[in-house]
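J.: Got a structure for you, questions after.
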Amino acid sequence: MKLLNLVEEQRELVRKLSADQQKLQRRETLLDVVVKERTKELEESYEKLKIANRQALFGLAEAIEAKDPYTKGHCGRVAAYSLVLAKEAGYPVDGLETLEFGAFLHDIGKIGIKDAVLLKPGPLDDAEWIHMREHPVKGYDIASKIEMLHPIMPAVRNHHERWDGSGYPDKMVALDIPISARIVAIADAYDAMATDRPYKKALSIEECEAILRKTAGKMYDPDLIEVFVGRHLGTLYDEKYDDLPYDDGHVASST
Ligand SMILES: [Fe+2]
């Protein structure tokens with residue numbers, strides 16, 4: 001009799017265990033569904049945040065262009081040239097978006113330049129040039145106050161440095177200049193030469209490329225110039241970046 005009871009108890013125990021196991025499995029499946037749903041929601045929120053950030057940054061660039069109509073379209077083209085140069089030069093893929101924003105907003109400091117200087121139709125005098133050359137540091141100061149802009153501070157501050165140390169504001173030399181700033185400097189120079197300005201007509205692609213080659217190793221990173229000129233990246237803008245929301249204006253400035 002005792003033995004029968006024992007067997008019955010054992011069966012009961014096995015039944016309970018199996019029921020508990022099934023309950024546990026159901027809970028695990030439910031948990032899995034909840035985790036997947038939450039992950040999807042988080043991913044969607046992150047994408048929305050990225051879009052909002054992008055819109056805010058494009059809005060800032062528009063503020064620069066609204067203040068200085070001569071640069072209309074310039075920021076977008078500099079971003080496009082910078083992006084294509086970075087990609088061709090093997091820039092880390094996960095840094096491309098930051099580089100694009102840095103290129104787009106490289107002249108953000110022009111917000112702090114007096115209209116009388118920024119919009120002067122003729123050549124600037126010495127004092128005006130000194131004021132105009134404050135724009136990279138003014139831009140850096142603006143970017144430093146906005147956490148979202150911290151990653152682009154090197155491109156903003158150092159896009160007027162020159163390979164031989166003759167640039168500003170920090171007189172950096174060669175590879176000491178942040179790579180984002182070296183890329184933006186070439187894109188900025190190319191666009192200024194390749195577009196009409198109030199006091200000069202646009203140069204041809206061949207003329208622009210010849211000037212860039214001449215200045216490689218003096219003003220600009222020779223390896224990056226080799227990539228930009230050697231692969232004729234100046235001609236790729238229309239072909240590859242038609243779908244980007246960049247305004248293709250006709251007048252540019254590289255100050
Ligand atoms: Fe600039």
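J.: If I go through segment 1-26 residue by residue, how many of them are more than 60 Å from the chain's Cα centre (by Cα) and open to solvent by 100 Å² or more (accessible area, probe 1.4 Å)?
T.: Number satisfying all stated conditions: 11.
J.: So which residues in segment 208-255 are away from the ligand (no atom under 16 Å from the Cβ), assigned to a loop (DSSP other than H, G, I, E, B) and at pLDDT below 90, if there are any at all?
T.: 241, 242, 243, 244, 245, 246, 247, 248, 249, 250
J.: Filter segment 119-148 for residues that are in contact with a helix residue (DSSP H, G or I) (Cβ under 8 Å, 6 or more places away or on another chain) and closer than 21 Å to residue 95 by Cα; which is modelled with the lowest pLDDT?
T.: Only one residue tops the list, namely 148.
J.: Same structure, new question: Would a scan of segment 71-87 turn up a residue that is within 28 Å of residue 232 (Cβ to Cβ), open to solvent by 80 Å² or more (accessible area, probe 1.4 Å) and within 16 Å of the ligand (Cβ to nearest atom)?
T.: yes
J.: Could you say which residue among 60, 49 is open to solvent by less than 100 Å² (accessible area, probe 1.4 Å) and either within 30 Å of residue 109 (Cβ to Cβ) or in contact (Cβ under 8 Å) with a residue 24 or more places away in the chain (or both)?
T.: Matching residue, one of 60, 49: 60.
J.: Filter segment 149-194 for residues that are in contact with a helix residue (DSSP H, G or I) (Cβ under 6 Å, 6 or more places away or on another chain), away from the ligand (no atom under 15 Å from the Cβ) and closer than 17 Å to residue 97 by Cα; which is least open to solvent (accessible area, probe 1.4 Å)?
T.: Selected residue: 149.
The values are calculated or read from the model by the stated rules, or taken from the named source; none is laboratory data. Keep in mind the model is a prediction, meaning the values are calculated, not measured. Every residue, glycine among them, receives a Cβ derived from its backbone with ideal geometry; neighbour counts consider all protein chains shown. The area values use the complete protein model at the heavy-atom level, side chains included, leaving out ligands, DNA and RNA. Shrake-Rupley method; radii C 1.70, N 1.55, O 1.52, S 1.80 Å.
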